[in-house]
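See below for the structure under consideration.
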Amino acid sequence: MTQQQPKPASIDWLVLTLYCVFVIAGLLCIYASVYSETNPDIYDMDKNYGKQLLWIVVSAFLGLLILLVDEKLFYAFAYGFYGITILMLLATFAIGAEIKGSSSWIRIGSFQIQPAEFAKFGTALALAKYLSGYNIDFKNWKVKAISMAIIALPMAIILLQNETGSALVFASFSLVLYREGLPGWLLVVGVLLAVLGVMALLIKPLYIIIGLAVIAIAFLAMVRRTQLLVFLTIGMVIFASAYVSSIDYVFENVMQAHQRTRINVLLGKEVDLKGAGYNVQQSLIAIGSGGPLGKGFLEGTQNKFRFVPEQSTDFIFCTIGEEFGFLGSFLFISIYMLFLWRLMVMAERQRNKFNRIYGYSLVSILFFHFLINIGMTLGLMPVIGIPLPFFSYGGSALLSFTILLFIFIRLDANRVNELKNFD
Amino acid sequence: MESQIKQKILLGVFIFIAFVYVIRLLTLQIFDESYIRSAQNNVLQEQTIYPARGLLMDRNNDLLVYNDNIYDLFVTPEQVKNLDTNAFCEVIGITKQEFIDRFEKIKRQKGYAIYRPSVFEKQLTMATYARFQEMLFDFQGFDVVVRTDRKYKYKNAAHIMGYIGEVTEKMIENSNGYYRMGDFIGISGVERTYEKELGGVKGVRYVLVDSKSRAQGRYKDGEFDTVAVAGKKINLTIDQKLQELGEQLMQNKIGSVVAIEPSSGEILSMISSPTYDPNLFVGRDRGNHYMELLRDPSKPLFNRPIAAPYPPGSIFKVIMSLIGQQEQVLYPSTAYGCYGGFNSGGLHVGCHAHGSPLPLQGAIAVSCNAYFCHVYRTVVNNPKYRKVEDAYNKLYDHLASFGMGRKLGVDLYGEGTGFVPKATYYDKIYGRNHWQALTTISLGIGQGELGITPLQMANATALVANRGYYITPHIVKSIEGKKNPNPEYNVKHWSTVDTSYFPVVINGMEDVVNHGTAYIAKIPGIAICGKTGTAQNPHGKDHSIFFAFAPKDNPKIAIAVVVENAGFGATWAAPIASLMIEQYLTKKHDTRPYLVERMMKGNLTHKPILNDSTATKTSKH
């Protein structure tokens, strides 16, 4: 065994075990969601779970491959991977197959792959490599701008493909930037802007502007006024007003009808039980009917064929909620949190900046998917179709998450080797 | 140090979100009352409530279209359990193979979902429905939904009312999920243009059913249910009695009639002949009937009054008289001699025998071809304009202000523009600056390339009757008792011809009926102003054309009649118009029974009359 090969002991077995648990549990959930008494054959290749099984085998093979290659490869070819995923994204415009109103798929035989999924690890690698370079100081505004550009490029292309959900995932990289030195107040401002944006959709922008003005006047009345403070406050109110008005404009004039509906349904302004709202209502019934302990595996009635075709992809959590109840759901959330925590600990213990940034990218992406996907099935987030990592049906997603994770496991394994070399 | 704090903050955010989700799960799965019922294996089922389609009435509140119940059999595949297929097939009257095929077909339909009801059999007969109702509980997953289909009280006005049919896949896609397979939608006529008003809004009821598809109650006490909103009642502008008479007069003829109330632009009657019985588009055989009508060489589905362009023939002389005066090249006193027609160089346009020379009013009364060739020549070769092209463009603008060569904006689907050639059209044929009035002289007497739809003819008549303006013709008078909301139907569109030029022309039109070419149309006591047209055309015998309005002062009706390949305007078109004017103004048409009989018996379709009970069995010719 050469020095470059990871020793079995240096692989993080906890993460690897959790990965296996997730993938197998996911397969069972997919099986349950399309299960019917007349056709219980799990190896049926025409069914989702049959295909998923194949994808799991492919993913496992690829994961093993990643564990065996030299970890320097990822560092050396980080920009290369990034370039390839960008090219793949662009290729969809030329040879993309249209599926469900989105042209973000490339068809290979009877399988389709979605380059948007793979763009995540390409971006994570490129960002990690750029920020870990020599003489790179995140305090420099130019560094900030280039980092943002690395993230924004694939995001913009995916937005153009009409895949809002996948594009939003790239927002999770802001957590990485935060960890690497982006000031916290920027994130707070970001969240505040998001809250203002949601308010702009809920109430007339005029009322918000009046409200902001009132708050500003009250604020100025209470503090000791300096000229700077007055100008600053007025400037902020003007900026916020412009922002709120433009949100309203974009919502009314730029967004497409189905996106408006989804947002309206989420905000409770509109109950659309036929479209997006139907899925959410069914989802709530399914989860709600699970009760404390659930109906038992394959005993769920709500999930089967409810959300065609999303029930095995975006709404997979319903199966857990219905068949395993609160206990199962709680367990799932706890294990997922354990998983994230473990990965974060692993990221923090890296000595190499590249490894750490990559690790945080992974954690951020996984968290963002969890946040949106589970929130959506619980009716707390808009119905933007992004999968639940390792659980949802879908080859591209599973492959992409596997690659993302295993690269990090490989990087981490080498850290242990490095450590031993120092000893 | 800072990064450690940041790590803690991030971890804190993660745990906070997880905590929120756990709380949400707690409420959903353990505390929320409304999901307790759902915990009994209930399934949310969506039931559509179909609204009644709006009724159609004529201007006098005479009911034209109403609704009739039909029974459609729906299947929710997921809920079909323990079905006795043999018994089921027997009740419905299909074989087992058909049953299997039917299911295969349903599965391929757009919007198919195993949990959603799909149409299994459309429009069950009453007998089948009754038998099915008795056995409903044996056939789990099947359900009969009551919908309404159209029923037409009269066989008239088929083209105006139009028909409804099932939505196509394309419409379903475009409707953003509102329409479902098997829904009805207006395909033509008023049913199409006023689909939004007539169609109403479908309602939805969400019901929880158990795994044996027994209803367990409403979902969340009907919080998400929507009520069906019935379609609105629409009053058409047509007069059913007038429409009926017109269609009888036009039977066995090919052509159109359009009658308009000049002061309002309301279409009193609009006939497209041959027509068809609107009830053919009702019921299970609507598709077959549609194909039959589509294949009929006389094109009964073609809406001639609004779409078919005809050369207007001599009625165009009325328009030219007005434009000539406006262009200051024609005065009431202007007289031209007629020597058996118009002669200029080698060009000859024939005319019939009449007194000569005549001033304007007399020339209209006898419809002198030579006179109006001169008028056209002076208009187009007007030295006031630098080029012939400019003079011609001016003429084109005048005609456009009469509503010719463009869509008027009637509220019916399929309106045509007609055709008035532009200067560029002649440039293409003759070359730029290589044509002038004499090259295009036939336009002056309403021949040549000119194509005017009957609706445009009637509209021009209304304009003359109004002494200078028209209101866009429309077919819907009121919706739910409120005037047609389209503001366009209230606007006076003034023509480019001054009101002062109309009286002499109208006097000429009066002479046409009193002692001119359309003497046959005269009705004692009613001052009718009209003009005949006998339009040459490449399809055979001349078209018989007449347009008129009455009474002369304060006109109540303007009408245009076109009978294809029927000969002189005075032979067919004028009597038909006269009878319809009489009917509308006096509410009866029995003063001239000989005329009524001749018109109704006239068969100009050049084919033997088949067993049509409404038509006379013997042909006159």
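Any read-out appearing in this document is the output of simple, stated calculations on the displayed coordinates, not a laboratory observation. All figures in this text were calculated on a predicted structure; none of them were measured in a lab. Note that each Cβ is placed from the backbone with ideal geometry, even for glycine, and that neighbours are counted across all protein chains shown.
Remark on B:Asn537: its backbone amide H falls under 5 Å from those of B:His543, a criterion applied only to residues 5 or more positions apart or on other chains, H modelled at 1.01 Å from N. Counting every other Cβ atom within 10 Å of each residue's Cβ, A:Ile106, A:Ile384, B:Ile267, A:Ile136 order from fewest to most as A:Ile136, A:Ile106, A:Ile384, B:Ile267.
Over every Cα atom in region B:45-234, the radius of gyration and the widest Cα-Cα span, Dmax, amount to 18.1, 56 Å. Approximating the spin labels as points 7 Å out from Cα along Cα→Cβ, the A:Met236-to-B:Glu449 distance works out to 7.1 nm. Once both axes come from the Cα atoms, what is the angle between helix B:96-108 and the longest principal axis of chain B, in degrees from 0 to 90, rounded to 10? Taking Cα atoms only, the helix is inclined about 80 degrees. Counting beta carbons within 10 Å around each of B:Leu301, A:Leu127 and listing the fewest first gives the order B:Leu301, A:Leu127. For the residue pairs B:Lys299/B:Lys588; A:Lys144/A:Lys353; B:Lys155/B:Lys241, the C-alpha atoms sit more than 20 angstrom apart in B:Lys299/B:Lys588. A P(r) calculated from all alpha carbon pairs of the protein assembly as shown, with 10 Å bins opening at zero, reads 2, 9, 14, 15, 13, 12, 12, 11, 8, 4, 1, 0, 0 percent.
Working from Cα pairs under 8 Å separated by at least six residues, relative contact order for chain B is 14 percent.
Relative contact order for region A:183-254: 48 percent, from Cα pairs under 8 Å spaced at least 6 residues apart, divided by residue count.
Which whole-number value in Å³ per residue fits the convex hull of the alpha carbons of region A:102-176?
On the way: hull volume 6.3 nm³, N = 75.
Per residue, the Cα convex hull of region A:102-176 comes to 84 Å³.
Using the basic label-point model (7 angstrom from Cα toward the beta carbon), what is the A:Lys72 to A:Ile335 distance in nanometres? According to this spin-label approximation, the distance is 3.9 nm.
Pairing the Cα long axis of helix B:388-401 with the longest principal axis of chain B, what angle in degrees results, from 0 to 90 and rounded to the nearest 10? Its long axis makes an angle of about 50 degrees.
Given R0 = 30 Å, the distance between the Cβ atoms of A:Tyr243 and A:Ala221 translates into a calculated FRET efficiency of 0.80. One decimal place: the segment B:Lys299-B:Asp62 gains 82.4 nm when fully extended, by the rule 0.36 nm per residue minus the C-alpha distance. Taking GluC sites (Glu not before Pro) across region A:312-416, none is in a DSSP loop with at most 11 further Cβ atoms lying within 10 angstrom of its Cβ. Residues A:Met222, B:Met320, A:Met155, B:Met509, arranged from fewest to most other Cβ atoms within 10 angstrom of their Cβ, appear as A:Met222, A:Met155, B:Met320, B:Met509. From the largest down, chain B spans 102, 84, 43 angstrom on the principal axes of its Cα atoms.
What the Cα convex hull of region B:284-359 gives, in volume per residue, is 178 Å³. With both labels modelled 7 Å from their Cα along Cα-to-Cβ, the B:Ala335 to A:Leu228 distance reads 10.2 nm.
Across region B:447-457, coupling constants 3J(HN,Hα) worked out from phi with the 6.51/-1.76/1.60 Karplus curve, θ = phi - 60°, read 10, x, 6, 4, x, 10, 7, x, 5, 5, 4 Hz, and Gly and Pro carry x. One chain, two ends: B:Tyr594 and B:Glu488. Fully extended at 0.36 nm per residue, the span grows by 33.9 nm beyond their Cα-Cα distance.
In terms of the ratio Rg/(2.2 N^0.38 Å) built on C-alpha atoms, what value belongs to region B:539-606?
1.16
Taken one residue at a time, the phi angles of region B:277-291 give Karplus couplings (6.51, -1.76, 1.60, θ = phi - 60°) of 7, x, 5, 5, 9, 10, x, 5, 8, 4, x, 5, 4, 4, 5 Hz. Gly and Pro are set to x. Can you compute the FRET efficiency between B:Ile23 and A:Leu192 using 1/(1 + (r/R0)^6), with r the Cβ-Cβ distance and R0 = 30 Å? Round to the nearest 0.05. According to the calculation, E is roughly 0.80.
Rounded to two decimals, the Cα-based Rg/Rh of region B:409-483, with Kirkwood Rh, is 1.14.
Averaged over peptide B:3-13, how many Cβ atoms belonging to another chain are found within 10 Å of each residue's Cβ?
Values: counts 5, 1, 1, 7, 6, 0, 4, 10, 6, 0, 4.
Partner Cβ neighbours, averaged per residue: 4.
Rounded to the nearest 10 degrees, the angle from helix B:316-326 to the longest Cα principal axis of chain B is 70 degrees.
Taking the convex hull of the alpha carbon positions in region A:183-254 and averaging its projected area over all directions gives 5.5 nm². Near B:Glu197, once Lys and Arg are set to +1 and Asp and Glu to -1 for all other residues with Cβ below 14 Å from its Cβ, the sum equals +4. For trypsin sites (Lys or Arg not before Pro), the sites in region A:134-186 that DSSP calls loop and that have at most 13 other Cβ atoms within 10 Å are A:Lys139. For region B:299-396, applying the loop criterion from DSSP together with a ceiling of 11 other beta carbons within 10 Å to the trypsin sites (Lys or Arg not before Pro) yields B:Lys384, B:Arg386. FRET efficiency for the B:Thr125 to B:Val201 pair, using the beta carbon distance and R₀ = 30 Å, is estimated at 0.55. Remark on B:Thr148: its backbone amide H falls under 5 Å from those of B:Ile70, a criterion applied only to residues 5 or more positions apart or on other chains, H modelled at 1.01 Å from N. 3J(HN,Hα) along region B:470-485: 9, 10, 3, x, 8, 10, 9, 7, 8, 10, 6, x, 9, 3, 3, x Hz, from the Karplus curve 6.51 cos²θ - 1.76 cosθ + 1.60 with θ = phi - 60°, whole Hz, x for Gly and Pro.
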